[in-house]
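The values are calculated or read from the model by the stated rules, or taken from the named source; none is laboratory data. Note that the structure is a prediction, hence the values are computed from the model and not measured. We place every Cβ from the backbone using ideal geometry, glycine too, and count neighbours over all the protein chains shown.
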Amino acid sequence: MHSVDVKLSGSLMIAAYSDKRALELVRMWRASFERGVGLLDPHPLDDQLAFFHREVVPENKVLLVLDDAEGPIAAFIAFSKEKVAQLYVHIDYQGRGIGKALLDVAKRESSGRLHLFTFARNTRACRFYERNGFHEIGRGFESEWQLADVKYVWTR
């Protein structure tokens, strides 16, 4: 795992994803999701881990924020040149600018336009994306979770 040239405060560093951190990442993702959306994730942990390896990793660049090189995962982002697929910050690390730093990396490496979806009930995430230059372009319904979602876009 190597660090990426982005400075964060204190002992926090951005690093490339490593499979050896997959289970820790999925556990952090679930806890952050459950807090933000206000629902318990009923999916077995192994199913989410398989989804992460089958759907997220092959289609995206995945970066971690670590608290020290071998410390806990504070956040992760999965993105492509056109889309932010996942962005989650550990509940103990929220409000420190970590999500913005990861979003800034995705913006720099983008084609000049990024889109993403978040659940409408995750009002904290909606405000975060709006503060960081994303604009709502549509609302829909996510069938697996049976929840309303919001589509956002950012253009350079």
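Contact map, region 21-40: residues that are in contact (Cβ under 8 Å) with a residue 60 or more places away in the chain and over 15 Å from Q146 (Cα atoms) paired with residues that are buried (at least 17 other Cβ atoms within 10 Å of the Cβ) and hydrophobic (A, V, I, L, M, F, W, C), Cβ distance under 6 Å, separation 6+ or inter-chain. Pairs shown: M28/I73; G36/A125.
Whether a residue is touching a Phe, Trp or Tyr at 6+ places or on another chain (Cβ under 8 Å) and at pLDDT 95 or above was assessed, and R113 passes this test. Taking the conditions (1) touching a Gly at 6+ places or on another chain (Cβ under 8 Å); (2) more than 23 Å from S18 (Cα to Cα); (3) not in a helix (DSSP H, G or I) in turn, R124 satisfies each one other than (3). Selection over region 112-156 of residues that are surrounded by fewer than 11 Cβ atoms within 10 Å (Cβ to Cβ), closer than 21 Å to G97 by Cα and over 18 Å from the mean Cα position of the chain (by Cα) gives a count of 1.
The residues in region 60-90 that are within 14 Å of the chain's Cα centre (by Cα) and exposed (fewer than 13 other Cβ atoms within 10 Å of the Cβ) can be counted, and the count is 0. Could you tell me whether any residue of region 37-57 is modelled with pLDDT of 95 or more and either within 18 Å of L103 (Cα to Cα) or part of a strand (DSSP E or B) (or both)? There is at least one residue in region 37-57 that is modelled with pLDDT of 95 or more and either within 18 Å of L103 (Cα to Cα) or part of a strand (DSSP E or B) (or both). Screening region 58-76 for residues that are in contact with a strand residue (DSSP E or B) (Cβ under 8 Å, 6 or more places away or on another chain) and among the charged types (D, E, K, R) and picking the one that is nearest to I98 (Cα to Cα) gives D67.
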